[in-house]
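First the structure, in the form of structure tokens, and then the observations on it.
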Amino acid sequence: MKKWFVTLLVSALVLALLPVWAFAAPPAQIPEDKIEGKIYTLEPRETLSLVAAREFGNVLAFPAIVYFNNFAARKNPQLTLITDPNAVKQGDVILIPTADLVKAYLAGERIGPAKGDAPPDDPWGVVTVGPGEPVRIGFAAALSGAGVDVLGIDEKRGAELAVVDRPTLAGHPVELVVEDDLCSGEGGTAVANKFVADPTIVAVVGNMCSSSSIPASDIYERAGYTMVSPSSTAVAFTARGLRSANRVCWSDAIQGPAAAKFVYEKLGLRKVATIHDGSPYGEGLVNAFAEAFKAMGGEVVAQEAVSVGDTDMRPVLTKIGVNKPELIYFGGFVAEGAFLASQRADVGMENVIFMGADGIKAEDFIKSAGAAAEGVYASAADLATAGPGVNAFLAKYEATYGEKPPAPFHLHAYDAVNVIMDAIYHSAVQGPDGTLWIGREALNRAVRATTGYQGLSGVITCQPNGDCGTGTVAMSKVVNGQWVPAE
Amino acid sequence: MALLEIDNIHTYYGNIHALKGVTISVDKGEIVTLVGANGAGKSTTLNTICGILKPRHGEIRLNGESLNTLKPHEIVAKGISQAPEGRRIFSRLTVMENLEMGAYTRSDRNGIAQDLERVFSIFPRLKERARQVGGTLSGGEQQMLAIARALMARPRVLLLDEPSMGLAPILVQEIFSIIREINQQGTTILLVEQNVNMALQIAQRGYVLETGRVVLQGSAKELRENPEVRAVYLGETRH
Amino acid sequence: MAVVSREARVSRAPAVKLSLNRIMLWVVGLGVTALVVWRIAGTAALGLYGPDVWLMQTLNGLVQGSMYALVALGYTMVYGILLMINFAHGEIFMIGAMSGYFVLNGFHQSGFLASNPVPALLITFIVGMGVPPIVGVLLERIAYRPLRRAPRLVPLICAIGASFFLQQAVRLLFGIRTKVYPTVAVLSGSWTITVGEREMRIQHMSVLIIVITIVLMVALYLLVRKTKIGKAMRAVAEDKEAAALMGIDVDQVIMVTFAIGAILAGAAGVMWGLWYKQVIHTVGFIPGIKAFTAAVLGGIGNIPGAMLGGLFLGFVEAIAPTALDISTQLKDVISFGLLVIVLIFRPSGILGEVLTGKKA
């Protein structure tokens, strides 16, 4: 009796699973020659969202238009290449893809991979992903360490949600291989050495900190790995002519001058002091700010630095206070920023404006600095230009992790994964049995060719140096304990 | 029943068998001396009594009560105090503070004040130097302080470990006369000495230790007259 | 016995043993000192900073130094008694800061802080100074006492491990997010005084921190000098075995030493929270290192040395970047450089030799 029951159970299980096996075959990809649609010329004041709403009843479909248009534009000179979906204009000629294509795009499908019978030749080597094997993407960020682990955990969640949203790639599951780089040079190189020793790692999302990305990029460059950093904003990261180093955030060469312009033109101030925290990010940022500010005719009356972990900022504030700056521009993170902002009043500098950047634009800053946070400015990614779907993403984030994102770069991490996945579609070759051959150099070129990709963090278009974030910087200000746009 | 009974104790330093069944008894009011060469186990015996070393076998009893399981400070509270070898006074504490430490286990203010008077009458020089730090005292004064400090516990048995060591002969005389005086005031004393001659002059009874064993025991007089003792410890050649 | 031999070594070491090595060190030390003096003279000649700046930096330094000093006392007392660096002492400080936070934040949320600020602060200090000794004593009992007869490196490594353990335990229990002390209205005022032609602001809180520190230091001094347990601590520090022969319960005295060090660190932790607002599980690391430096600077094992070392270190950190007219980022370089220079001239710390001199 019992035996009979077990037999029944097993057969039931097999039967139940059968359909899954049957349908587990790779879904149809979008072949290159199937890109169809109609050629359309934009009317005055017509935006892509409007077109998407009219054609497909879904404003969120506009990235699909950009995607297929830009792909077709490479072969059809009549079409306008869309590098910024928010800046299309009357007379631009675009391809409006078919509803089926849009549907496939929104389901995570992309053009490609190309069909083939043999692995392609690639000078940097080819990753072979056998049938049913996962496509493995490395992820490196600081997951431990005071004050930085929050940033790293936030990025990791962003990357994880990208995989949740697109769990398969050309019929292969996508796997994120997570490593902790401690936001340090040693940690960054250790993780890089680990990844390059593993031939199944296709590309790397990371690193989080410029301090780890910069040394790691040299290792990836030698090994022919492509990295896409969500948050390494230091100028030096992409300034060394490396092909491996890419990022979907802005460079501080954009953020610093943007802040300087805001201070000089909008706030009308002429005397500033700068303080950085000794990190490559902080130092690069304030240098870019100071140069731009001086070039505009402003005066940088004091340039100071503190160390990560410092708590007593009164001495440094007392020292720069002698020079009577009207504003302090700070390059660094939440903890030191909050100490500086809140201790201003102790040395009689409460009327000196405090400004930071994306490193301090977090809820924790307001909590830590308390009343002294009021009136503090920070430059950060412009959410007004951030892509559609951000709200849905944030809802999913909160539902999955039980809290709001505690740090600023989850969207960029999400985008970095997607940029790599799209580039794999565009560069890989798929064999008849589903085997995926990914040429490392081809993948690198495909990443660098990313144009007008509408990510959650904004539009991503790669420059020849690997800067892919478009760098729309917006100023925020703390008003009544909230970060609000400052204009 | 003797006041202090050391019953067949075996003490080890790690694997070194330092005491191999030592049995000693000290009666109330006596001066008993332990003599022997370097390494015979004299100080080891005292340290075992004080609880700094624990015997592996055997028992130590004070007034019939076993001390084996007690910690050093509890043994002091029971009434055994020691002026250790090398004096070991607290050089950074004043003479007065050293004496207060001697009375650490006691809380009877009046009794402590009385005993202070008493040690100052025995050692008038310490009274002069009461506010000086111990480190500034001369060797003889430090020895006096060490004995005085041990007396402050108002011990039932006072253990003295090499009180004459490193002192000028004139001071040795002085120290020994003080020891006799303390004994005459009613304190039982167990005295370890290398200066066997002096020790046997003031003690009533004595034990001779050799390599962890008691090889001879008897009254001071018997020991003084024992040819072995005379040859080995009193430096007389055998006739 | 180790203590005795250490004392003997220190007191016998002649201060003027002129080996080549020593002469070279002195030359380096004098050279650096000359450089520093020249640099300070240069800054003074510039006339950039008025008396208000110097006074302000001195005050900043004294406040910071007060907290260093309180933590340094714990290092120095434990070292004095066990010849062991209790590297987990920074974490004891952190636990004080954390305990204070939970109490004060609770009072803040319930409105008790606003209605009864003084009792609220008192209770905060009591808890902030009450929890660390419990942890400190447990630490001694569980982690250090079994190793007391082990080679000296063993308890040191154990202390480092304990430090990580406490840090991670607090992280797991209370999360990684920065905790922010609520603002206490009665403490957030300031006096404005005129120095020269400039106005200068003195925070009420800074004066309170200095006053509390002085009170605690005087209390500690009296305890160590005048009470029975204090004298016993000094006796145990000098010779544990002799102390045991006097009837002193050495284990108990060591426990009390840990507890007193932890109480002082806890007070420093609460003041740290009130002064800097942000506390996190790693908040003890840097103050711990600095306080240890201060203890060495003052002569480790020496209580007045730790007080002086802490105040001195805080003062130099605050004033040196201004005095030398260099980046504040270099203040740690300056403070550790200072340690090296002090140790060249006084190998056993500022007050280390005074003690031996008095003894000899």
key: Shape category assigned to the stretch C:23-104 from the gyration tensor of Cα positions, a/c cut at 1.5   = oblate
request  = Identify the chymotrypsin sites (Phe, Trp or Tyr not before Pro) of the stretch A:361-434 meeting these criteria: DSSP loop state and at most 13 other C-beta atoms within 10 Å of the C-beta.
outcome  = none
request  = Classify chain C as rounded, prolate or oblate, taking a ≥ b ≥ c as the square roots of the eigenvalues of its Cα gyration tensor: rounded when a/c is under 1.5, otherwise prolate if a/b is larger than b/c and oblate if not.
outcome  = oblate
inquiry  = Let me check something: with ligands and nucleic acids excluded, how do C:S348, A:S457 order by accessible area (1.4 Å probe), largest to smallest?
reply    = C:S348, A:S457
message = Taking just the alpha carbons, could you work out the radius of gyration and Dmax for the stretch A:32-106, both in angstroms?
response = 11.1, 32
query = Any residues in the stretch B:134-162 that have 10 Å² or more less accessible area with all protein chains than in their chain alone, probe 1.4 Å, and which are they?
reply = B:G135, B:T136, B:R149
task = Amide H neighbours of B:K28 under 5 Å, at least 5 residues apart or on other chains, H built in the peptide plane: list them.
result = B:L3
request  = Give, as ranges by residue number, the residues of the stretch A:174-200 whose backbone N falls under 20 Å from the point 7 Å along Cα→Cβ of A:R222.
outcome  = A:181, A:184-200
task = State which helices in chain A qualify, where a helix is a whole DSSP H run, it must extend 27 Å or more along its own axis by its Cα atoms, and its mean Kyte-Doolittle hydropathy must be at least 1.0.
result = A:2-23
query = Beyond 16 Å, what share of the Cα-Cα pairs of the stretch B:91-153 remains, rounded to the nearest whole percent?
reply = 33
request  = Output the relative contact order of the stretch A:253-375, whole-number percent, from Cα pairs under 8 angstrom with separation of 6+ residues.
outcome  = 26
Interface C:A - total buried accessible surface [probe 1.4 Å, Å², rounded to 100] = 2900
message = Suppose only helical runs count, i.e. DSSP H with n ≥ 4. What mean residue ellipticity at 222 nm does that imply for chain A under -39500 (n - 2.57) per run, divided by all residues and rounded to the nearest 500 deg cm²/dmol?
response = -12000 deg cm²/dmol
task = Find how many whole Å separate the alpha carbon centroid of the stretch B:119-179 from the alpha carbon centroid of the stretch B:28-69.
result = 22
note = Taking max minus min of the Cα coordinates of the protein assembly as shown on each principal axis, largest first, gives extents in Å of 133, 98, 64
key: Cα-projected label distance for B:E228 with A:D165, points at 7 Å along beta-carbon direction, nm   = 9.8
query = Can you tell me the accessible area per residue over the stretch A:32-106, all protein chains present, probe 1.4 angstrom, in square angstrom?
reply = 54
note = In Å, the C-alpha Rg and Dmax of the stretch A:253-375 are 12.9, 35
task = Leaving ligands, DNA and RNA out of it, work out the accessible area of C:K226 with a 1.4 Å probe and give it in Å² to the nearest 10.
result = 140
task = Enumerate the calculated ³J(HN,Hα) couplings along the stretch A:375-380 in order (Karplus 6.51 cos²θ - 1.76 cosθ + 1.60, θ = phi - 60°), each rounded to whole Hz, writing x wherever the residue is Gly or Pro.
result = x, 6, 9, 8, 8, 6
request  = For n ≥ 4 DSSP H runs only, could you compute -39500 (n - 2.57) per run for chain C, divide by its residues and tell me the 222 nm figure to the nearest 500?
outcome  = -25000 deg cm²/dmol
Amide H contacts under 5 Å for A:G356, placed H, 5+ residues apart = A:F330, A:Y377, A:A378, A:S379
Cα centroid of the stretch A:411-476 to Cα centroid of the stretch C:24-85, whole Å = 53
query = When DSSP beta bridges are limited to those with both residues in chain A, what percentage is antiparallel, rounded to the nearest 5?
reply = 40
Counted charge near A:E299, where neighbours are those whose Cβ lies closer than 12 Å (Asp, Glu -1; Lys, Arg +1) = +3
Cα shape, the stretch B:1-81, gyration tensor, a/c 1.5 rule = oblate
ask   = What is the percent of Cα-Cα separations in the stretch B:192-239 that go past 12 Å?
value = 59
note = So the pair-distance distribution of chain B, from every Cα-Cα distance in 5 Å bins, comes to percents of 1, 7, 15, 18, 20, 17, 12, 7, 3, 1, 0, 0
ask   = Do you know the relative contact order of chain A, to the nearest whole percent, from alpha carbon pairs under 8 angstrom that are 6+ apart?
value = 18
ask   = Once you put a point 7 Å from the Cα of C:T58 and another 7 Å from the Cα of B:S121, both along the Cβ direction, what distance in nm separates them?
value = 5.8
inquiry  = List the residues, sorted by chain then number, that are 5 or more residues from A:A305 or on another chain and whose placed amide H is less than 5 Å from its amide H.
reply    = A:H276, C:T328, C:Q329
ask   = Using the Cβ atoms and a cut-off under 15 Å, what net charge is assigned to the surroundings of A:P464, where Lys and Arg are +1 and Asp and Glu are -1?
value = +4
key: Beta bridge orientation in the protein assembly as shown: antiparallel %, DSSP, nearest 5   = 50
inquiry  = Net charge within 14 Å of A:V334 by Cβ-Cβ distance, Lys/Arg positive one each and Asp/Glu negative one each, not counting A:V334 itself?
reply    = -3
task = Step through the table entries A:K261/A:K361; A:K361/C:K179; A:K194/A:K361; A:K294/A:K404, compare each Cα-Cα distance with 28 Å, and write down the pairs that go over it.
result = A:K194/A:K361; A:K294/A:K404
query = When the accessible area of the protein assembly as shown is computed with all protein chains present and a 1.4 Å probe, what percentage of it is carbon and sulfur?
reply = 61
task = Could you run the Karplus curve 6.51 cos²θ - 1.76 cosθ + 1.60 with θ = phi - 60° over the stretch B:139-144 and give me ³J(HN,Hα) per residue in whole Hz, x for Gly and Pro?
result = x, x, 5, 5, 5, 4
key: Furthest towards positive pole of dipole, B:G21, B:F90, B:I75, structure part the stretch B:1-134, Cβ charges   = B:F90
remark   = Rounded to the nearest 10 Å², the 1.4 Å probe accessible area of A:E283 is 80
key: Under Karplus coefficients 6.51, -1.76 and 1.60, residue-wise ³J(HN,Hα) of the stretch C:80-90 in Hz, glycine/proline x   = x, 9, 10, 6, 10, 8, 7, 5, 7, 5, x
task = Evaluate the distance, in nm, between pseudo-label points positioned 7 Å from the Cα of C:E197 and of C:R148 along their respective Cα→Cβ axes.
result = 6.6
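The values are calculated or read from the model by the stated rules, or taken from the named source; none is laboratory data. Computed from a predicted structure; not experimentally measured. Every residue, glycine among them, receives a Cβ derived from its backbone with ideal geometry; neighbour counts consider all protein chains shown. We work out accessible area using only protein heavy atoms, side chains counted, and drop any ligands, DNA or RNA first. Shrake-Rupley method; radii C 1.70, N 1.55, O 1.52, S 1.80 Å.
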